[in-house]
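The values are calculated or read from the model by the stated rules, or taken from the named source; none is laboratory data. Fair warning: this is a prediction, and the values are worked out from it, not measured in the lab. So basically every Cβ, Gly included, is an ideal-geometry build from the backbone, and we count neighbours across all protein chains shown.
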């Protein structure tokens, strides 16, 4: 299952509160690869039910361009979960592309969502499996089960690592979600390395994307860039944004540089020429190029050029 699924880019994923119609209208016009309407953390409890109507209205009345239509439900252990799915999917399933599930702790969580979606799709005459899922890994239980979560349903398109809730579940002291703080400066390494690395490994093994969570301090663009670089260095495909000012940075960092693209094209060309000559490993400059190099080059070109 480790062949990467074809799908949309998710270098930048913009979160917008479901209770703010003006912000929803603006979000779909941004340069974010994906914009989703949030019914969970960004919406107060007394506004959650009303916000569902904003989701339905947005899916049917706004021009999303090439963006997938997406929203985030409340967690399964809340009283809002089942109506977040039933009320919206029954009225907008034909327009909906992605449903984001927060605080996934076990594969059974996604099984429940998958089953409910299938029932609604069949009742509406939609193709079962049409609506895709993204799962947030945000606590210790979710990380322990992340490999099984990643494999439980073919609907799953991405794992999203959540710094803030994960830190809380681990009792890790932190002062800002997604940012390096006093504790990080004194810890000999990157405090979230294990969790982030395990999440992206699980995603790659399942052939799906891995997305990093947002930085709460949206005004600190230097810190946001740094966190994007760390995530991309680990193999992540993109990062959440909570403000439009972060979108351009995510799109830039999670896109191959011109130097990387040039290297990839040269590797593919050199290997094609070598295969025509009947040879295997080749050298480019002072570096040996083998099949592993070719696979890396092909992935760069596939993501950026659709090849």
Any residue in the range 65-75 that is farther than 18 Å from residue 42 by Cα, in contact with a helix residue (DSSP H, G or I) (Cβ under 7 Å, 6 or more places away or on another chain), surrounded by fewer than 18 Cβ atoms within 10 Å (Cβ to Cβ) and in the same structural domain as residue 203 (by TED's automatic domain parsing)? no
Given the range 172-271, what helices (runs of 4 or more DSSP H) lie entirely inside it while holding 1 or more residues that are over 30 Å from residue 151 (Cα atoms) and modelled with pLDDT of 80 or more? 221-234, 247-253
Here are some residues: 87, 94. Which one is out of contact with any strand residue (DSSP E or B) (no Cβ under 6 Å at 6 or more places or on another chain) and in a loop (DSSP other than H, G, I, E, B)? 94
Given (1) surrounded by 13 or more Cβ atoms within 10 Å (Cβ to Cβ); (2) touching a residue at least 40 places away in the same chain (Cβ under 8 Å); (3) at negative phi, where does residue 207 come up short, assuming only one miss? (3)
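Here's the yes/no breakdown for (1) surrounded by fewer than 23 Cβ atoms within 10 Å (Cβ to Cβ); (2) modelled with pLDDT under 95; (3) part of a helix (DSSP H, G or I):
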{"site": "13", "(1), (2), (3)": "no, no, no"}
{"site": "22", "(1), (2), (3)": "yes, no, yes"}
{"site": "26", "(1), (2), (3)": "yes, no, yes"}
{"site": "37", "(1), (2), (3)": "no, no, no"}
{"site": "41", "(1), (2), (3)": "yes, yes, no"}
{"site": "48", "(1), (2), (3)": "yes, no, yes"}
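Every residue, every condition in (1) within 15 Å of residue 35 (Cα to Cα); (2) out of contact with any helix residue (DSSP H, G or I) (no Cβ under 6 Å at 6 or more places or on another chain); (3) surrounded by 24 or more Cβ atoms within 10 Å (Cβ to Cβ), yes or no:
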residue: 216; (1), (2), (3): no, yes, no
residue: 225; (1), (2), (3): no, no, no
residue: 233; (1), (2), (3): no, yes, no
residue: 241; (1), (2), (3): yes, no, yes
residue: 251; (1), (2), (3): yes, yes, no
Looking for whichever is closer than 19 Å to residue 198 by Cβ and outside any strand (DSSP E or B) here; the options are 129, 142. Which one fits? 142
